[in-house]
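The values are calculated or read from the model by the stated rules, or taken from the named source; none is laboratory data. Nothing here was measured: the structure is a model prediction, and the numbers come from that model. Every residue, glycine among them, receives a Cβ derived from its backbone with ideal geometry; neighbour counts consider all protein chains shown. The accessibility values were calculated without ligands, DNA or RNA, using every heavy atom of the protein model including side chains. Shrake-Rupley method; radii C 1.70, N 1.55, O 1.52, S 1.80 Å.
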Amino acid sequence: MCTSFAYINEDSEPKVMFLHNRDLPKEGFKGHEIKVFYNKQNNNKVIGIYDYRSGGIPCGFEVKNKIYGGVANVSNYVGKKSRGILLLNILMKCNSLDDAISNFENELINGEYSSASYIIGNQDKVYIVENRASEVKIQDKKKFAVLTNQFEFIKNEYVNIESVNRKIFVIEYLKSKNKVILQDAFKIASTHEPVEICRHGVTLSSMIVQISSNLDIFYTLNYPHLGFNRLNIESI
């Protein structure tokens, strides 16, 4: 039951706030770590939370092109390929946000990946990408998007009321702000009431990307309310 959002501030700092909380998937959990991936062919560098079971990432940030992304599983269609590996590969190979969107469509239309919703964006715009079998929906969400384990554009065969309520809560919170800052991301990531975004016994990790004149990444491999570690980008 993941929760993610991306918010682009208009003419103010920070330019972008991106958050991804990851919950325990039904496929199980074998451990994770914060990891840096390098592509020597195009010099892309991806920082993400690496999942030992799938060999992919639930969320990540590509430093060179400043592209962030996350995935939320949607229980609907079971494919042969890993959603987390797809997200990692797209961030590693893309040269622009348009390139990433094109790669998503080309990969997902074959129907080889289990159903999911993806959030992906840069400093200018953010997209939601959804897939079920060979059906793919891509929507430009302009300046902000919220992601949970529920389709927004593909017709839902069932309604996950918890996902719907979490999405409503985050959307209303973001709309109430003139701009979204780091403290807002911390607050949303740690929320227990009136909805559970930080879920004890379920939430596995959280990652926050702040893009401004400086780049900041915060992460935890535990419950978000226990605090975040700041990643020193300059040392990588």
Checklist entry - In this structure, does E112 turn out to be touching a residue at least 12 places away in the same chain (Cβ under 8 Å), in contact with an Asp or Glu (Cβ under 8 Å, 6 or more places away or on another chain) and either open to solvent by 70 Å² or more (accessible area, probe 1.4 Å) or closer than 23 Å to K81 by Cβ (or both)? => result no
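Name every residue in the range 140-152 that is within 22 Å of R22 (Cβ to Cβ) and in contact with an Asp or Glu (Cβ under 8 Å, 6 or more places away or on another chain), in order of residue number. First the steps, then the outcome.
Going through the range 140-152, the residues within 22 Å of R22 (Cβ to Cβ) turn out to be 141, 144-152.
Passing the criteria: F151, E152.
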Checklist entry - Name the pairs: first residue in the range 126-143 and without any contact (Cβ under 8 Å) to a residue 60 or more places away in the chain and on the phi > 0 side of the Ramachandran plot, second residue aromatic (F, W, Y) and part of a loop (DSSP other than H, G, I, E, B), Cβ to Cβ under 6 Å, at least 6 apart or on different chains? => result A133/Y77
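When you check D98 against the structure, is it touching a Lys or Arg at 6+ places or on another chain (Cβ under 9 Å), charged (D, E, K, R) and at pLDDT 95 or above, yes or no?
For D98, the condition - touching a Lys or Arg at 6+ places or on another chain (Cβ under 9 Å), charged (D, E, K, R) and at pLDDT 95 or above - is not met.
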Checklist outcome for this item: Pairing a residue in the range 1-26 that is touching a residue at least 24 places away in the same chain (Cβ under 8 Å) with any residue that is outside any loop (DSSP other than H, G, I, E, B) and open to solvent by 40 Å² or more (accessible area, probe 1.4 Å), where Cβ atoms lie under 7 Å and the two sit 6 or more apart in sequence or on different chains, gives M1/E162; F5/F144; A6/F144; Y7/F144; I8/F144; P25/N73
Item to check | The lone exception for C94 - which of (1) open to solvent by 50 Å² or more (accessible area, probe 1.4 Å); (2) in contact with an Asp or Glu (Cβ under 8 Å, 6 or more places away or on another chain); (3) in contact (Cβ under 8 Å) with a residue 40 or more places away in the chain it fails | outcome: (1)
Checklist entry - All but one of (1) in contact (Cβ under 8 Å) with a residue 24 or more places away in the chain; (2) outside any strand (DSSP E or B); (3) touching a helix residue (DSSP H, G or I) at 6+ places or on another chain (Cβ under 9 Å); (4) not hydrophobic (A, V, I, L, M, F, W, C) hold for E105; which doesn't? => result (3)
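Per-residue answers, yes or no, for (1) in contact (Cβ under 8 Å) with a residue 60 or more places away in the chain; (2) under 19 Å from C94 (Cα atoms); (3) buried (at least 18 other Cβ atoms within 10 Å of the Cβ); (4) more than 17 Å from the chain's Cα centre (by Cα):
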{"position": "G31", "(1), (2), (3), (4)": "no, no, no, yes"}
{"position": "G56", "(1), (2), (3), (4)": "no, yes, yes, no"}
{"position": "C59", "(1), (2), (3), (4)": "yes, yes, yes, no"}
{"position": "Y68", "(1), (2), (3), (4)": "yes, yes, yes, no"}
{"position": "A72", "(1), (2), (3), (4)": "yes, no, yes, no"}
